[in-house]
Each structure stands twice: as C-alpha cells, then as structure tokens.
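This report concerns only the one structure given below.
The values are calculated or read from the model by the stated rules, or taken from the named source; none is laboratory data. None of the values given here were measured: they were computed from a predicted structure. Glycine also receives a Cβ, built like all others from the backbone with ideal geometry; neighbour counts cover every protein chain displayed.
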Amino acid sequence: MTDVLYNASLYKNAAGTVLGVFAAARDVTVQKQAEAELRRYKDHLEEEVQQRTVDLVLARDAAEAANRAKSVFLSSMSHELRTPMNAILGFSNLMRRAESLSQEQRENLDIINRSGEHLLNLINDVLEMAKIEAGRVQVEHEPIDLGALVRDVSDMMAVRAREKGLQLLVDQSSEFPRYIRGDEARLRQVLINLVGNAVKFTPHGGITMRFGMKPDNTRLLIEVEDSGIGIKPADQLRIFEPFVQVGELSAQKGTGLGLTITRQFVQLMGGTIRVESEPGEGSTFRIELPVEKVDAWDVSRPEKVLKGEITGLAAGQPEYRILIVEDQLENQLLLTRLMTQVGLGVKVAENGQLGVALFQSWHPHLVWMDRRMPVMDGIEATRRIRELPGGADVKIVAVTASAFMEQRDEMLAAGMDEFVRKPYRFNEIYECLARQLGVQYTYASELDGEDISEEVMLTEKMLSVLSQALRDELRAALESLEINRIETAIDQVNDVKLNKILKHLATNFDYPAILKALQADSLEI
C-alpha cells in the first residue's frame with residue numbers, strides 16, 4: 001500500500017478572481033515507514049529502560065539485603081569469637097597472678113595466653129576484612145605526630161630486621177610534615193605490614209623507608225623498598241587479593257590478609273598503593289595519601305601515670321555498688337572477680353530485664369552492660385533505666401564484643417556513658433571505673449616512695465628472672481607496637497621493681513631499650 005500526500009493551492013489575480021488550481025501529489029510511503037519504525041524503536045527503548053530500571057532496583061535491593069545479612073553475620077561472629085576469647089585471656093591472666101604457681105605451670109599459662117593473643121590477632125584480621133567488605137569501616141581524622149610514628153615503627157622493625165642480619169633505614173633525605181591529621185592506628189598498621197613483609201621476604205641486604213611530599217604539598221609519599229626475592233609479574237596482580245600468599249608454602253604464615261587490609265586502609269584514607277618489583281631484584285611499595293598539616297599543640301598527649309598492679313581500694317572510698325548485666329557465665333565470673341578483688345560490692349543479672357529490676361531494688365553506682373543478651377538487650381535495658389528515678393545519675397558502661405565502631409554511637413545515643421570492647425584488659429576495666437566514678441586504688445608497685453630515675457638502665461641480668469616464654473611474648477608484643485599487648489605482657493612480670501622499670505620505659509615509648517636488654521639476655525643464654 002502506498003501513502004500519498006496531496007497539496008493544492010489557488011491562483012488569483014489582483015482583483016481576487018480565481019484563475020486556476022495548482023495540485024501536487026507526493027509519495028510519502030518511505031517517510032511513513034521510517035516514522036513508524038522510529039515509534040517502534042522509541043517504544044522498545046522505553047520498555048528497555050523500564051526493564052533495566054526494575055533490574056537495577058532489584059539488584060540494589062539484593063545488594064542491600066546481602067550487606068545487611070553480611071553485617072548481621074559479622075556482628076554475630078564478632079560476638080561469638082570475641083566472647084570466649086575474653087574468658088580465655090582473662091582467666092589465664094588471673095591464674096598467672098597466683099603466687100603458688102610452679103615455674104612449669106606459669107610457663108604453661110604463658111603459652112595459653114600467648115596462643116590466645118595470636119588467635120585473637122587472626123580473628124581481628126578476618127573480622128577487619130569482613131568489615132571492609134561490608135562497608136562498615138570508619139576512618140579517623142585526628143591530629144597525629146607522624147615523626148614519632150615513623151620513629152616507633154622503624155625502631156621496632158629494625159630489631160626484627162637485625163635478627164635476620166638485615167638493615168632497616170629511613171632515607172635521610174626524607175622530608176615530610178611532622179604533624180598531620182589522619183588515622184594513626186591504620187597508618188601504623190600499613191607501615192608495619194609493608195615493612196614486616198619486606199623483612200619476611202628479604203634474605204640479605206636491607207629495607208629502606210622513604211617519605212616525602214608531592215610538589216603541590218597536598219599528598220604524602222611513602223615508599224618501602226627491599227632487596228628481597230622480588231615478586232613475579234603474574235603474582236603482582238594477586239598479592240593484594242584476600243587470602244593470597246605467594247612464595248614457598250613453608251614461608252607462609254598468618255591469614256594472607258595483610259596486604260589486602262593494607263590496600264583497603266590506604267584506599268579508605270583516600271590514597272593509592274602500587275608495587276614495582278623484579279624477581280631476584282627486590283620490591284618497592286609506593287603509597288600516596290592526602291595530607292592535612294596541623295600544629296604541634298594539636299597533637300599533645302596527656303601523660304599517663306603508671307603505678308603498677310592494682311591491689312585494692314584506697315582508704316576513704318565509698319562503698320561502691322557495681323551491677324553486672326551479662327548473659328555469659330564465664331564473663332559474669334571474670335568481671336565479678338575483678339570487682340571483688342579490689343573490694344567492690346557486686347550483683348549480677350543475666351539479661352537486661354533482670355538488670356532493670358535489680359537497678360530499681362539495689363540502686364548501683366555503675367552498671368557493666370552487655371550489649372547482646374536474650375529477653376532484653378543492653379540498648380533497651382539502658383533506655384529503660386534512664387527513664388526510672390535515679391536512672392539519670394547511674395553510670396552505664398557497655399561491655400561489647402562488637403566489631404563495629406559505629407555501634408558506639410548507637411550505644412551512646414541509648415544513654416551509655418562509655419564502652420569497653422571484649423576481650424578487655426584488666427587495666428581498661430579499672431581505669432574506666434576511675435574515670436566514671438572517681439575510684440582510687442592502692443598499687444603493688446608503690447615501693448615506699450621509691451621513684452624511678454629518668455636515667456634508669458635496664459640490664460639483661462634484670463630480665464634473667466623471666467621465663468623464656470614470657471621473654472618471647474614481651475619481645476613479640478613490643479615488635480607488634482600494640483600498646484594493650486605490651487601492657488599485658490608487662491603485667492605478667494611478678495618482680496615488682498622490674499615491673500615498674502618496664503612500665504616506665506614503655507610509658508615513654510622507649511621500646512628499643514627493652515628490646516636491647518632482651519636481645520642481650522637471649523644471646524647470653
């Protein structure tokens with residue numbers, strides 16, 4: 001069928017008389033077909049867009065559901081893994097304080113505790129990776145002393161390098177701002193991971209750390225170069241993937257997540273990381289991070305006063321009442337013993353509902369509140385206590401195994417004053433009591449007014465009283481730069497004077513002095 005378009009017009013003279021008609025016909029079949037095809041194509045596109053929009057919505061909903069499921073799983077695993085670790089580490093530490101222990105029993109407990117700490121580190125790696133994948137990691141932006149951080153890492157890792165006959169150097173031409181705003185814990189972990197890997201895979205030669213600034217002065221440059229075995233080109237594409245370890249199986253330890261977490265941390269801080277390497281010629285890891293300079297006074301740290309192991313309450317303290325709301329029997333017992341050992345009155349509730357009832361009848365000064373419990377969780381219990389008479393005045397501290405730092409905001413919003421994460425250290429519990437209630441203690445290392453000189457010298461002879469297991473743990477703790485782990489290791493030292501000296505050196509971040517004495521001691525043995 002043919003489509004025809006007709007046009008006609010009249011011809012008139014000046015007087016308006018019609019002189020004739022002009023008519024024309026034009027075949028528009030092709031044009032009509034093209035218009036119809038265009039309409040069909042447009043309708044098809046609209047259907048396609050609608051279908052793809054539906055697909056995207058479904059995919060988004062599925063991804064959000066998967067992330068929610070992953071977050072729920074992660075939260076559950078964090079609770080299930082950290083809660084028993086709290087009991088393992090806590091009770092082994094309590095047992096090591098017993099004076100009646102034989103040397104063999106003490107060494108066995110040291111092994112249990114050291115193995116527990118190692119297992120906790122592996123758990124933390126896996127949970128950290130899961131948090132990153134779930135998008136649940138928050139980066140801190142606090143003033144930090146980058147110069148001190150670099151010095152600490154280089155001092156610690158230099159000891160590990162020397163044990164392999166390697167040199168660890170900070171390039172003397174490095175110029176970088178000392179005081180910046182950033183995430184100190186994650187930046188420290190990035191440096192430790194990179195230098196630790198370099199030491200691990202460098203049989204001879206050394207490792208060099210370099211720091212500098214881009215010409216625009218807005219990005220920090222970090223390089224870790226080694227003279228090690230190098231990385232094959234094919235492996236360079238894999239080393240940042242989760243659970244991937246290259247090289248010989250006999251040299252592989254840990255989770256295979258170190259470089260994965262390193263890359264994720266760098267990216268979370270807004271930076272990039274890349275590697276250049278030739279097999280047999282060594283490797284260089286390069287990092288660029290955005291940097292904001294701050295003034296020195298922004299980084300001031302309060303001086304920590306170390307007084308040794310707590311033995312009880314100072315004279316003249318009120319009769320404090322402490323309520324423990326916790327569903328796990330092991331953690332109930334551990335917290336109860338920590339409270340009763342220093343003379344605090346304690347009652348226990350196994351869920352939030354019983355905790356609210358005990359608050360009404362007993363009126364405690366402070367509540368240790370577990371977050372996850374049956375019947376009523378800690379969040380709801382806290383809200384209800386705050387609404388009761390006297391509920392605004394009681395101190396409520398969350399004791400949580402959660403891996404999510406953002407849940408801190410949820411707990412604080414519910415009315416909690418503070419939170420302590422499991423597995424907690426004994427000193428964290430006692431220091432929290434001091435902050436919240438003003439509790440004052442007596443200490444085992446108050447040596448009749450004896451002070452430690454700023455020029456105190458730690459010798460290998462002083463360390464000879466320590467078991468080999470405790471020396472190994474103290475060395476590993478110092479090399480890890482984990483303050484809590486260092487404090488835990490030093491707390492195991494029963495010699496009062498040596499304990500005080502070690503704490504003095506650790507407080508002043510003079511880790512090399514302790515490591516030097518440990519190294520001399522091991523050589524002498």
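Just one of the numbered conditions (1) over 16 Å from Val275 (Cβ atoms); (2) in contact with a strand residue (DSSP E or B) (Cβ under 8 Å, 6 or more places away or on another chain) is not true of Ser227: (1). Could you tell me whether Gly182 is among the small types (Gly, Ala, Ser) and within 21 Å of the chain's Cα centre (by Cα)? It is true that Gly182 is among the small types (Gly, Ala, Ser) and within 21 Å of the chain's Cα centre (by Cα). On the given criteria, is Ala59 out of contact with any helix residue (DSSP H, G or I) (no Cβ under 8 Å at 6 or more places or on another chain), farther than 30 Å from Leu334 by Cα and modelled with pLDDT under 70? Taking the combined requirement at face value, the residue does not satisfy it. A count restricted to the range 152-163 and to residues that are within 20 Å of Pro177 (Cβ to Cβ) and in contact with an Asp or Glu (Cβ under 9 Å, 6 or more places away or on another chain) stands at 0. Look at the range 341-366: where a residue is more than 19 Å from Met416 (Cα to Cα) and a partner is in a loop (DSSP other than H, G, I, E, B) and not hydrophobic (A, V, I, L, M, F, W, C), sitting 6+ places away or on another chain with Cβ atoms under 6 Å, you get Leu344/Tyr320. The condition of being modelled with pLDDT of 90 or more and among the aromatic types (Phe, Trp, Tyr) holds for only one of Tyr443, Tyr430, that being Tyr430. Residues that are β-branched (Val, Ile, Thr) and modelled with pLDDT of 70 or more were ranked within the range 19-49; the one that is surrounded by the most Cβ atoms within 10 Å (Cβ to Cβ) is Thr29. The test for being modelled with pLDDT under 85 and under 16 Å from Gly282 (Cα atoms) does not hold for Asp226. Restricting attention to the range 145-203, and to residues there that are outside any loop (DSSP other than H, G, I, E, B) and acidic (Asp, Glu), which single residue is farthest from Glu288 (Cα to Cα)? Here the answer is Glu163. Does the range 248-264 contain at least one residue that is farther than 21 Å from Leu120 by Cβ, at pLDDT 80 or above and in a helix (DSSP H, G or I)? Yes - at least one qualifying residue is present in the range 248-264. Taking Lys293, is it in the same structural domain as Gly147 (by TED's automatic domain parsing) and in contact with a Phe, Trp or Tyr (Cβ under 9 Å, 6 or more places away or on another chain)? When the stated conditions are applied, Lys293 passes them. Given the criteria at pLDDT 80 or above and in a strand (DSSP E or B), does Glu276 qualify? Criteria met by Glu276.
Every condition in (1) modelled with pLDDT of 80 or more; (2) of a type outside the set (Asp, Glu); (3) in a loop (DSSP other than H, G, I, E, B); (4) surrounded by 20 or more Cβ atoms within 10 Å (Cβ to Cβ) is met by Asn494 except one, and the failing one is (4). Taking the criterion of being aromatic (Phe, Trp, Tyr) and either modelled with pLDDT under 70 or outside any helix (DSSP H, G or I) (or both), the only residue of the range 504-525 that qualifies is Phe509.
The condition (being assigned by TED's automatic domain parsing to the domain that holds Arg425, modelled with pLDDT of 95 or more and either over 30 Å from Leu146 (Cβ atoms) or loosely packed, with under 13 Cβ neighbours inside 10 Å (or both)) is satisfied by just one residue among Leu366, Leu333, Leu338: Leu366. Filtered by the rule that a residue be over 27 Å from the mean Cα position of the chain (by Cα) and under 18 Å from Ile111 (Cα atoms), the range 470-506 gives Val493, Asn494.
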